[in-house]
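None of the figures in this text is laboratory data; all of them are computed from the coordinates on show. Because the structure is a prediction, the values reported are computed rather than measured. Here the Cβ positions follow ideal geometry from the backbone for every residue, glycine too, while neighbour counts run over all protein chains shown.
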Amino acid sequence: MKITGASYSDGNSQFRRSGGMEVGEKRLYAWSILSGLVSVGFIIAGFYKILAYNNPYEDDILTSSGDAVNAYVGADAYNLIINGTYATAFFVLAAGFLIVAGVFFLAQTHLDIHAGETDTSVEAVEGQSE
C-alpha cells in the first residue's frame, strides 16, 4: 500500500520520507560540510583580493616592472576601490554560504533528535482521521 509522500511496510512499519531517504541518513550534514567549504573558498578569495596587489604601471606608464596582480587601471586608488568591492562581495557570499551550512547542520541535527518520535503506523494514521 502506498501513501502519498511516504511509504511503509506492514511488517515493521519502516517509514520512508518522500524523497526515498530513510530517517537515519545524514545527507544534510554532507551539504553542510560542502557549503562550509565553499564559504572558506570565498573567504580565501576575498583576502586574496585585499592582500595581493601589484601595479607595475604606477610610476611610469611606459615601463613594466612585473606582472599586474589585481590591477585593472593605471591609478592605485581606483584599483584598491575595485579590489575592496570584490573582497566585500566575496565576504558576503562566504557569509551566505556559512548561514546555509548552519541551517543544514541544525536541520539534520533536529531530524536526528526527533527521528523516533513520530508514530507512522497505519493504525495511528487511520485513528487520526476519524
Taking the Cβ-Cβ separation of Tyr48 and Tyr78 as r and a Förster radius of 22 Å, what is the calculated FRET efficiency to the nearest 0.05?
-> 0.70
Each residue of the range 75-88 in order: what ³J(HN,Hα) in whole Hz does its phi give by Karplus 6.51 cos²θ - 1.76 cosθ + 1.60, θ = phi - 60°, with x for Gly and Pro?
-> 8, 5, 4, 5, 4, 5, 5, 5, 5, x, 5, 4, 4, 4
